[in-house]
Amino acid sequence: MIEITLLIPWFFFLFVFVIDLGFYNYSLISVENAARIAAEYTSSSSTTAADTDGACTKARLELAMLPNMSGVTSCSAAPLTVTASSITGTDGAPATSVSVTYQGIQMIPIPGLLMGRLSFSRNVQMRVKT
């Protein structure tokens with residue numbers, strides 16, 4: 001009985017850590033996908049290469065299932081920031097660069113490991129189709 005009493009808090013923290021890690025990994029994968037989808041949209045033509053509003057719409061649709069995203073209508077402030085710009089690629093061809101930043105919610109704080117909100121940022125560059 002004493003052994004179980006001493007081990008229960010460790011199992012509880014392990015369980016909470018696994019749940020939090022799953023949510024954080026899901027958020028990271030979603031942000032990566034949102035950046036890729038927004039970059040695919042902006043790389044479709046030279047007129048959409050710097051279309052931040054269109055990239056924002058694509059990113060919001062991809063991130064709609066994340067916590068903290070209900071009611072988000074713009075991509076200019078936390079929890080979601082999306083920017084798209086027209087650049088010149090490394091080969092000299094026209095390209096687009098899309099940056100997506102998402103600020104997650106604080107799940108269950110674990111002292112020393114997960115104390116606050118995590119911010120996920122991804123930047124994708126793609127050649128513009130001509």
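Numbers for the structure displayed
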read-out	value
Candidate set from region 33-51 (those that are surrounded by 15 or more Cβ atoms within 10 Å (Cβ to Cβ) and polar (S, T, N, Q)); member that is farthest from Ser86 (Cα to Cα)	Asn33
Residue that is surrounded by the most Cβ atoms within 10 Å (Cβ to Cβ), among those in region 52-103 that are under 19 Å from the mean Cα position of the chain (by Cα) and among the charged types (D, E, K, R)	Lys58
Count of residues meeting criterion [without any contact (Cβ under 8 Å) to a residue 40 or more places away in the chain and either farther than 15 Å from Phe120 by Cα or among the polar types (S, T, N, Q) (or both)] in region 64-96	19
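Readers should treat all values here as calculations from the given coordinates under stated rules, not as data from a laboratory. In this text the structure is predicted, and so the values were computed from the model without any measurement. Here Cβ is always computed from backbone atoms with ideal geometry, including for glycine, and neighbour counts include all displayed protein chains.
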